[in-house]
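Here's the structure, in structure tokens; my notes come after.
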């Protein structure tokens, strides 16, 4: 009696100690993760580097310009008229490409007529290649990297031809080298269409108008024009995403994950220790015959349990069979209750004992059809017992599932029952051949554990179901089922 009192005192102390000491426990072996910012756990919106874009490919940002305006010739001799006396119409047509939002190039044709210093009208053609630089490329950009306003100075070189030029000896060819320069302003109407205004100049040799020296620069053409520019091909520039926010978030998430991992290892260790302690308490109570009396105290009612994803094993049929086998011949009638049961319940003994065969043949028994079907091998004994595995392996999701095998082996050996092992895999993942092989591995693994527990090899047979989709969620199909029969 004293021994029982000491054991019960130890048990009560163990069950109450965690509740009183939990708040004061400090353990430095893990890092408690603390979320310092909700932003770190959310997807970041991309931000772009300022004044940085990718270079355009050859299929992007080509443009065609058409402008019209007026031009005036400035050369020597100056003549008797002013600048406005020499104004003539001008046409400019150009094609080019923007390599970046700021850097571009074009080839342009300019022509029509001009009046020289003596007011003689002459025809000319000017072809030049220009380097263009956008001063406002990165101001008020849209999502395609295009600015609303553009101010673009340019500088180029080319060749100018005076169709009416003639020298004193009657020669009519003149193709002097010339510089082009100016300032272009653009306004974006749409992503493809721009409105243009340009002030440009051209400087070439003094003999361009057939008057002056061919070895010195001195003749100039000043042009004011306006028109439209149309983008050909793909439009816009790819902006560069700033990687710093993502790098900061990744570093924070790594620290956060490490903290969760440390916490998980700590809790796993605690659970393992608690399970060992609980197993020792169960052994003590079982030795003293007090396990049934105090089994409710050993359940974890004070903590919220995580709902399992898998079907719960139902042992009611197996337990019912064990009760009937332990009390062979009892038909459920209180008047014919077995002696051992009457003794446990404090009732009088009875001598009416029936055999198991007579129980199957008795038409008055409620479970007669079910018992007969079990005896004939048409029904299994009780409910199936399931063992669940990790994806793509024959490793159990929880090691404590093997505790079920101890009881299955004990009952099968005691009553000479047949054991069927049915391996299965999740058909939602893996190929048919992989699932067939995986179901075989899982069934053989459970069969091997049963043989290790003393079940005769002749009473264990396996079935390989391959991939199945009988249960929901899909993870529940990664199982091996064990059923018992006569």
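The values are calculated or read from the model by the stated rules, or taken from the named source; none is laboratory data. Quick caveat: nothing in here was measured; it's all calculated off a predicted structure. All Cβ positions, even for glycine, are placed from backbone atoms using ideal geometry, and neighbour counts span all protein chains on display.
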*Does residue 442 qualify as being in the same structural domain as residue 479 (by TED's automatic domain parsing), surrounded by 13 or more Cβ atoms within 10 Å (Cβ to Cβ) and at pLDDT 90 or above?*
yes
*Any residue at all in the range 132-151 that is assigned to a strand (DSSP E or B), touching a helix residue (DSSP H, G or I) at 6+ places or on another chain (Cβ under 8 Å) and either crowded, with 17+ Cβ neighbours inside 10 Å or in the same structural domain as residue 234 (by TED's automatic domain parsing) (or both)?*
no
_residue 109 touching a helix residue (DSSP H, G or I) at 6+ places or on another chain (Cβ under 8 Å) and more than 19 Å from residue 186 (Cβ to Cβ)_ = no
*Does residue 103 meet the test of being in contact (Cβ under 8 Å) with a residue 12 or more places away in the chain and under 39 Å from the mean Cα position of the chain (by Cα)?*
yes
*Out of all the residues in the range 357-368, is one or more at pLDDT 60 or above and surrounded by fewer than 16 Cβ atoms within 10 Å (Cβ to Cβ)?*
no
*Taking the range 380-434 on its own, how many of its residues are in a strand (DSSP E or B) and within 21 Å of residue 464 (Cα to Cα)?*
18
*asked:* So, residue 482, is that one in a strand (DSSP E or B) and either at pLDDT 90 or above or crowded, with 18+ Cβ neighbours inside 10 Å (or both) or not?
replied: yes
_For the range 152-172, which positions are in contact with a helix residue (DSSP H, G or I) (Cβ under 9 Å, 6 or more places away or on another chain) and either modelled with pLDDT of 80 or more or outside the structural domain of residue 75 (by TED's automatic domain parsing) (or both)?_
160, 162
*Quick one: count up the residues across the range 409-433 that are modelled with pLDDT of 90 or more and under 14 Å from residue 382 (Cα atoms).*
2
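So that you can scan it fast, the table gives a plain yes or no per residue for (1) surrounded by 12 or more Cβ atoms within 10 Å (Cβ to Cβ); (2) on the phi > 0 side of the Ramachandran plot; (3) modelled with pLDDT of 70 or more:
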| residue | (1), (2), (3) |
| --- | --- |
| 28 | no, no, no |
| 35 | no, no, no |
| 45 | no, no, yes |
| 73 | yes, no, yes |
| 78 | no, no, no |
| 93 | yes, no, yes |
| 96 | yes, no, yes |
| 100 | yes, no, yes |
*Test: residue 405 is modelled with pLDDT under 90, in the same structural domain as residue 387 (by TED's automatic domain parsing) and either more than 18 Å from residue 384 (Cα to Cα) or over 28 Å from the mean Cα position of the chain (by Cα) (or both)*: yes
*Got at least one residue in the range 191-211 being without any contact (Cβ under 8 Å) to a residue 24 or more places away in the chain, touching a strand residue (DSSP E or B) at 6+ places or on another chain (Cβ under 9 Å), in the same structural domain as residue 156 (by TED's automatic domain parsing) and exposed (fewer than 14 other Cβ atoms within 10 Å of the Cβ)?*
no
*Whichever residue in the range 221-271 is in contact with a helix residue (DSSP H, G or I) (Cβ under 9 Å, 6 or more places away or on another chain) and assigned by TED's automatic domain parsing to the domain that holds residue 65 and, among such residues, is surrounded by the most Cβ atoms within 10 Å (Cβ to Cβ)*: 221
